[in-house]
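Quick notes on the structure that follows.
The values are calculated or read from the model by the stated rules, or taken from the named source; none is laboratory data. Bear in mind that the values here come from a model prediction, so they are computed numbers and not experimental data. Here the Cβ positions follow ideal geometry from the backbone for every residue, glycine too, while neighbour counts run over all protein chains shown. Keep in mind that these areas ignore ligands, DNA and RNA; they rest on the heavy atoms of the full protein, side chains included. Shrake-Rupley method; radii C 1.70, N 1.55, O 1.52, S 1.80 Å.
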Number of protein chains: 2
Amino acid sequence: MKTRIAILGYGNLGKGVEAAIAQNDDLELVAVFTRRDPSTLKLHTPGVPVYPAEQAIRMKDAVDVLLLCGGSATDLPVQTPAYAAHFNVVDSFDTHKKIPEHFAAADAAARAAGKISLISCGWDPGLFSLARVYANAVLPQGKDETFWGRGVSQGHSDAIRRIEGVLDARQYTVPIEAAVEAVRRGEQPVLTARDKHLRECWVVAAEGADKARIEREIKTMPYYFDEYDTTVHFISAEELARDHAGLPHGGSVLRGGVTGFDREHRQSIEFRLKLDSNPEFTGSVLAACARAVHRMNREGMTGCKTILDIPPAYLSAIPDEELRAHFL
Amino acid sequence: MKTRIAILGYGNLGKGVEAAIAQNDDLELVAVFTRRDPSTLKLHTPGVPVYPAEQAIRMKDAVDVLLLCGGSATDLPVQTPAYAAHFNVVDSFDTHKKIPEHFAAADAAARAAGKISLISCGWDPGLFSLARVYANAVLPQGKDETFWGRGVSQGHSDAIRRIEGVLDARQYTVPIEAAVEAVRRGEQPVLTARDKHLRECWVVAAEGADKARIEREIKTMPYYFDEYDTTVHFISAEELARDHAGLPHGGSVLRGGVTGFDREHRQSIEFRLKLDSNPEFTGSVLAACARAVHRMNREGMTGCKTILDIPPAYLSAIPDEELRAHFL
């Protein structure tokens, strides 16, 4: 029996989910829902229908898990509780400080419906959260550091695009290797934002725009750039398309701790990702989570969950006996 | 309410567990059981009684989880099913290919008793198993590699000690960095045992022993050494005690995979440990597992489990709401 999945929102993440489903024999894409005109979407998977988002609820009995592929700013706070009342859902809500309220809204809707809502899946939050929780459980006396990149930050790229005279931009978050290495060696250094990451900006300016002003506005932008060492490079639209079309990302969660009655032994744990495509990797995590949600709901679980609540074996298509025999 | 833990077997691992319990406010060491004369043991934790192993079962109502700290060769295959009939137990059984039969024996006993037996905890099997399962679930098309070290292998050290004329020995398993780096870059190289690890031996020979013969016997020992490049260094007992007293270890689980409809994007996941003390780290994992076992059994679960069955949040002393707010 396959897990029948529908996707709501066919942007980069929705496409990444579609590609991930195609790699898993036990998962099946049964529909895509969109707020655009359905006739304008061209799916990669043959034979899968595209419907207007308003029609999604009609299909609730034909869908085991609905993957919500919208954005965290405005889409998911509304969509997740709304669809949780009808479907098992999975989202990648990533506004870290609003997770408790998002959880509460999804939990109420999912409990009432007898469904599961799995929120904040992906890699951060998601796999990085797992790394933090495992490392803290094993090494209660220690210190965490998370480094991101080298990778494209959509939020920072968007912030640059809002500056007058900017036509397009790509911002890379770059971890500072010396800091990563010091943490890796277990030195537990005290690190400011500036010590941990550089920000590298590739900007296409409008003809005649004041580049010195644009550069100054980027470098002094509060929160986004002012606490970092930032480099700004002006390039043509063609160069941006040629050299910066991808969406790579990654990073490391590190925890250095001590054990022993005299805290005499240093122990360190690192979880690292290196990703050519952020949306395809995130989509792959969501697809595995859909499998787990389907199994958990079949077993009678309901309400809002996070990846911290999922027994690891439930994410896998491989039967438990085989996992014990070959992966343990 | 604290989780009341007893330890059976007070060797390096038992001591590591004791040190870990002392780092966790919600865990309490209530007894140590030993097959030696209890009066010969000196615990670090004040006020904890030491009893002969035969008396353990008398204390079953005063112990929430019994941590079995014996060896995988002869102790655990007998002890785990025997104590599973009376206690929630946790072991670090690490004979990978015998896990299915160990699981079956523990499962029958634990189910009959209404208890949980959690087997094969530690870091490999244990945290490395988690890394393999998560990485395979997210990247179904890819390839795993596990590297161990630089660290002391007890099995290989013991094998050298059994050679005639050897008084003592320490063997380090050393990962070959060029191989690790090639896997990290996502090249998916085909690697033999020799390509992945070196074996470095520090040997104390008896006076007048034939060192050339000892070196030859080490390097040609089937399975343990013959498939590897091995170096042998003869040193004095004093040098061994001074320079090789620790039990460091570690390693990396790497998975390189591809995503996208044309498998056009490389993605890589790495989980890495760097440990000053292998037994203290393993003991720390077991202590966290004891917490999870206690919670799972209180919720009504029974039978044999592995770390692949544990919701990650159950390993943590931090309440679920706080994990969601600060760790997700």
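See the values below:
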item: Isotropically averaged projected area of region B:81-151, using the convex hull of Cα atoms (one quarter of hull area), nm²; result: 6.0
item: HN-Hα J in Hz across region B:37-42 - Karplus 6.51, -1.76, 1.60, θ = phi - 60°, x for Gly and Pro; result: 5, x, 5, 8, 8, 10
item: Debye intensity ratio I(q)/I(0), log10, region B:128-172, q values 0.22 Å⁻¹ (C-alpha model); result: -0.75
item: Across the identical copies, how the A:K219 labels are spaced - nm, sorted shortest first, 7 Å along Cα→Cβ; result: 6.0
item: Gain on full stretching of the segment that runs from B:E164 to B:A108 - 0.36 nm per residue minus C-alpha separation; result: 15.8 nm
item: Cα gyration tensor shape of region A:233-316, rounded if a/c is under 1.5, else prolate or oblate by comparing a/b with b/c; result: oblate
item: FRET efficiency, A:L41 to A:H233 (Cβ-Cβ, R0 41 Å, nearest 0.05); result: 0.75
item: Linear extension gain, A:R213 paired with A:E264, 0.36 nm per residue minus alpha-carbon span; result: 13.0 nm
item: Rg and Dmax [Cα atoms of the protein assembly as shown; Å; Rg one decimal, Dmax integer]; result: 26.8, 88
item: Dimensionless Rg over Rh [region A:127-276; C-alpha; Kirkwood]; result: 1.09
item: Per-copy distances of the B:R111 label point, shortest first, in nm (7 angstrom along Cα→Cβ); result: 3.3
item: Amide H contacts of B:Y51 (H built 1.01 Å from N, under 5 Å, at least 5 apart or other chain); result: B:V32, B:F33, B:T34
item: DSSP bridge orientation in the protein assembly as shown - percent antiparallel, rounded to nearest 5; result: 55
item: Exercise: per-residue mean of other protein chain Cβ atoms within 10 Å, B:271-279; result: 6
item: Chain B: translational diffusion in µm²/s, Stokes-Einstein, Kirkwood Rh over Cα pairs, 20 °C, 1.002 mPa s; result: 99
item: Within 10 Å of each Cβ in B:138-151, the average number of Cβ atoms from other chains; result: 3
item: MRE, 222 nm, helices only [DSSP H, n ≥ 4, -39500 (n - 2.57), over chain B, to nearest 500]; result: -10000 deg cm²/dmol
item: Net length gained if the chain between A:H96 and A:A317 were fully extended (0.36 nm per residue, minus Cα distance); result: 76.7 nm
item: Straight-distance crosslink candidates among aspartates and glutamates, where the alpha carbon sits under 16 Å from A:K42 and sequence neighbours closer than 8 are dropped; result: A:E18
item: Probe 1.4 Å, protein heavy atoms only - accessible area per residue of chain B in square angstrom; result: 42
item: Spin-label pair A:E54/A:Y223, simplified geometry with 7 Å Cα→Cβ offset, distance in nm; result: 3.5
item: Geometric extent, Cα atoms of region A:215-282 - Rg, Dmax (angstrom); result: 19.5, 61
item: Extent along principal axes [Cα atoms of region A:1-159; Å; largest to smallest]; result: 53, 38, 35
item: Greater than 24 Å apart at Cα, pairs in B:K2/B:K115; B:K2/B:K60; B:K98/B:K305; A:K98/A:K274; A:K196/B:K274; result: A:K98/A:K274
item: Chains A and B together, accessible area buried on both sides, 1.4 angstrom probe, square angstrom; result: 6000
item: Chain A: relative contact order in percent, alpha carbon pairs under 8 Å with at least 6 residues between; result: 22
item: Axial C-alpha extent at least 27 Å, average Kyte-Doolittle at least -1.0 - helices from chain A (DSSP); result: A:278-298
item: Label 7 Å beyond Cα on the Cβ vector: B:D195 copy-to-copy distances, nm; result: 4.0
item: With eigenvalues of the C-alpha gyration tensor scaled by 5 and rooted, region B:21-67, Å; result: 18, 15, 7
item: Delta accessible area of at least 50 Å² on complex formation, residues of region A:304-328, 1.4 Å probe, chain isolated as reference; result: A:L308, A:P312, A:R324, A:F327, A:L328
